[in-house]
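The values are calculated or read from the model by the stated rules, or taken from the named source; none is laboratory data. Not measured: the values here are computed from a predicted model. Don't worry about glycine lacking a Cβ; one is built from the backbone with ideal geometry, like all the others, and counts go over all protein chains shown.
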Amino acid sequence: MHDALEALFLGVVEGLTEFIPVSSTGHLLLVGHFIGFESAGNSFAVMIQLGAVLAVLSVYAARLWEVVRAAPHDPAARRFVASVLIAFLPAVVIGVLAHDLIKTVLFETPRLIALMLILGGVVLLFVDRMAVAPKHDDAMRLPVWTAFRIGLIQCLAMIPGVSRSGATIVGALALGCSKKAAAEFSFFLSMPTMLGAFTYDLYKTRDQLDAGQAGLIAIGFVAAFLSGLCVVRWLLGYVARRGYAIFGWWRIVVGTLSLIALSVWG
């Protein structure tokens, strides 16, 4: 029962933090470290992300279905699909090549995660205040080359604490996207990226998972879906009005407190 409650709590943390630029994986690993939660091959943090993906998919299902229907005869729809897939490619290549390093070294280094939270917070605050006139206000009409560069920047998030959504949003803002378009493209790119991470991690750790682990992952999955649904519906309106500064400060505070706690309690 205790493990189930921890899995539920971590699932809520995942859903609440996946789509805001604060690093859901960093939060999960740090919280898991401090409460003593362990999973086979550190797979829990990766696998419950699929619940958050389904939250995005449910919100954008109608628009995505229109894209699918229009793709055979609409060049703009095909260009959108191509931009997302091309942005996804760097994560495929680097994720496969660096999978073992990420899971066995980077995921096991809480101090690195805390430092990346702080550094990412500083970068986010800086980019959020940049007076760059947006060139792209529609996430579904980004140039393919711009999308590819955002995909390259996304790969920085393979370092826990950097944040997948944070990297893509910062990259998109720096490349001339509006704050709303940056968040929305991050949503779209999350679907193939997180589905791919889930599938590959399931394949790599299939021999380490047992019925108990599967049950905990299922609990975290459902919690991530429900909490992620709330965040996706709220986030676009918030960042269009207020920007990303609050998330930068949150990262700095959490990272600093984590470093202090690690120094005191280990």
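A few points about this structure:
- Checked against the criteria, Val264 counts as free of Cβ contacts under 8 Å to residues at least 24 places away in the same chain, part of a helix (DSSP H, G or I) and over 30 Å from Val144 (Cα atoms).
- Of everything listed in (1) in contact (Cβ under 8 Å) with a residue 24 or more places away in the chain; (2) more than 17 Å from the chain's Cα centre (by Cα), the single unmet condition for Met194 is (2).
- Taking helices (runs of 4 or more DSSP H) as the structural unit, those lying wholly within the stretch 39-121 and holding at least 3 residues that are within 22 Å of Ile219 (Cα to Cα) correspond to 44-47, 49-70.
- Residue within the stretch 226-237 that is without any contact (Cβ under 8 Å) to a residue 24 or more places away in the chain and in a loop (DSSP other than H, G, I, E, B) present: no
- Scanning the stretch 52-80 for residues that are surrounded by fewer than 16 Cβ atoms within 10 Å (Cβ to Cβ) and farther than 25 Å from Leu226 by Cα turns up Val68, Arg69, Ala70, Pro72, His73, Asp74, Pro75, Ala76, Arg78.
- Those residues of the stretch 84-141 which are of a type in the set (D, E, K, R), touching a residue at least 24 places away in the same chain (Cβ under 8 Å) and surrounded by fewer than 15 Cβ atoms within 10 Å (Cβ to Cβ), in sequence order: Glu108, Arg111, Arg129, Lys135, Asp137, Asp138, Arg141
- Residues of the stretch 143-163 satisfying the condition of being touching a residue at least 60 places away in the same chain (Cβ under 8 Å), aliphatic (A, V, I, L, M) and either under 18 Å from Leu101 (Cβ atoms) or buried (at least 22 other Cβ atoms within 10 Å of the Cβ) (or both): Ala147, Ile150, Ala157, Met158, Val162
- Single unsatisfied condition, Val162 versus (1) in contact with a strand residue (DSSP E or B) (Cβ under 9 Å, 6 or more places away or on another chain); (2) in a loop (DSSP other than H, G, I, E, B): (1)
- Within the span defined as the stretch 38-51, one or more residues are surrounded by fewer than 16 Cβ atoms within 10 Å (Cβ to Cβ) and not small (Gly, Ala, Ser).
- You will find that of Ala181, Ala172, the residue that is over 28 Å from Phe44 (Cβ atoms), assigned to a helix (DSSP H, G or I) and in contact with a strand residue (DSSP E or B) (Cβ under 6 Å, 6 or more places away or on another chain) is Ala181 and no other.
- Among the residues making up the stretch 20-67, those that are farther than 28 Å from Asp3 by Cα, of a type in the set (A, V, I, L, M, F, W, C) and in contact with a helix residue (DSSP H, G or I) (Cβ under 8 Å, 6 or more places away or on another chain) are Leu57, Val59, Leu64, Val67.
- Output for the stretch 208-266, where each listed residue is within 16 Å of Ala4 (Cβ to Cβ), surrounded by fewer than 17 Cβ atoms within 10 Å (Cβ to Cβ) and not hydrophobic (A, V, I, L, M, F, W, C): Asp210, Gly212, Gly215
- Any chance Ala114 is hydrophobic (A, V, I, L, M, F, W, C), under 12 Å from Leu173 (Cα atoms) and at pLDDT below 95: no
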